[in-house]
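Visitor: Okay, handing you the structure first.
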Amino acid sequence: MSDDHIGRIIRNEACLAEGAAWLARAEPRFDHALRQTGPLPLRRREDGFAALFGAIVSQQVSVAAARAIWGRLEAAGLCAPHALAQADDEALRTAGLSRQKIRYARALAEAGIDYPALREAPTEAVVEKLVAVPGIGRWTAEIYAMFSLGRADVFAPGDLALQESARMLFDLPERPREAPLRRMAESWSPWRAVAAQLLWAYYRVEKDREGIT
C-alpha cells in the first residue's frame, strides 16, 4: 500500500522482501548482507499512546527492568492517559518510574495526540508532532514511525547499532555519526526502513560471529 503523501506502508513480509530485493539490486553490500541474514522478520507493533509510553519506560533501563516496570503499571491500571492524569506521583514511583519519567509520562498523557490522524500524516509531520512532547526524542519518533506506523522510508541514524553496522558493512574507517549516516541513507530511499532492518539484522550476525552477546 502507498499514498502520495505518506509513501509505502510495510504491512507484511512480502513488503519487506520487495524492499530488501530493491536494496540488494541498488547496492551490492546490501546484497551481501541479505545473504548473511536471510529473510527479514516483520516487526510491526501497535500504535497509540501505549507504544510511546512504553518507549519512555524503556529509556536507560534494561529490557528486563522495563518489562517489570510495565507489568507493575499494567497491574495498577496505569497504562492509559486518563489513568496517568489521575494517579499521584507516589503510585507511579511505586511502579518504578523515576521523577523524570513521571514528568515525561504526564506530558505525553496531556499532549492530546490524535494517534489515528498520525496514520495519515507525512512522516516528517509525525516526527515533528512527537518530538514536541518532553521525553520523546527524534530516535523514538522515527522508531515509532517505522514500526508502529509501518513507514517504509524512514530511518533512525541516531541508533548506535545502525551506525556500527554501517561501519562494518561499508568498511568505513570509523562509525558514522548521525548527520553523515542520514545523508548516506538518502540513496536508500524509498526503502530506508528496510535498510535499517537489514542493518540491524547484519549487526546481530556479525556480533554473534565475533562471539559477542
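The values are calculated or read from the model by the stated rules, or taken from the named source; none is laboratory data. No experiment lies behind these values; they were computed from the predicted model shown. Cβ: placed from backbone, ideal geometry, glycine included. Neighbour counts: every protein chain shown. Each accessible area value is taken on the protein alone, full model and side chains, heavy atoms only, with ligands, DNA and RNA left out. Shrake-Rupley method; radii C 1.70, N 1.55, O 1.52, S 1.80 Å.
Visitor: Report, by residue number, each residue of the range 32-49 that is open to solvent by less than 50 Å² (accessible area, probe 1.4 Å) and either at pLDDT below 95 or in a loop (DSSP other than H, G, I, E, B) (or both).
Guide: Result: 38, 40, 47, 48.
Visitor: Those residues that are part of a loop (DSSP other than H, G, I, E, B), more than 19 Å from residue 143 (Cβ to Cβ) and open to solvent by less than 70 Å² (accessible area, probe 1.4 Å), I need them from the range 106-132; list them, please.
Guide: 112
Visitor: In the range 81-105, which residues are loosely packed, with under 13 Cβ neighbours inside 10 Å and either assigned to a loop (DSSP other than H, G, I, E, B) or among the basic types (Lys, Arg) (or both)?
Guide: Of everything in the range 81-105, those that are loosely packed, with under 13 Cβ neighbours inside 10 Å and either assigned to a loop (DSSP other than H, G, I, E, B) or among the basic types (Lys, Arg) (or both) turn out to be 88, 99.
Visitor: Which residue pairs have Cβ atoms closer than 6 Å, lie 6 or more positions apart in sequence or on different chains, and pair a first residue in the range 43-71 that is more than 15 Å from residue 107 (Cα to Cα) and touching a residue at least 12 places away in the same chain (Cβ under 8 Å) with a second residue that is in a helix (DSSP H, G or I) and open to solvent by 60 Å² or more (accessible area, probe 1.4 Å)?
Guide: Note: no pairs meet the criteria.
Visitor: Looking at the range 18-28, can you tell me whether even one residue there is at pLDDT 95 or above, open to solvent by 60 Å² or more (accessible area, probe 1.4 Å), farther than 20 Å from residue 169 by Cα and not β-branched (Val, Ile, Thr)?
Guide: Yes, the range 18-28 has at least one match.
Visitor: Go through the range 171-204 and count every residue that is surrounded by fewer than 16 Cβ atoms within 10 Å (Cβ to Cβ) and either aliphatic (A, V, I, L, M) or in a loop (DSSP other than H, G, I, E, B) (or both).
Guide: 9
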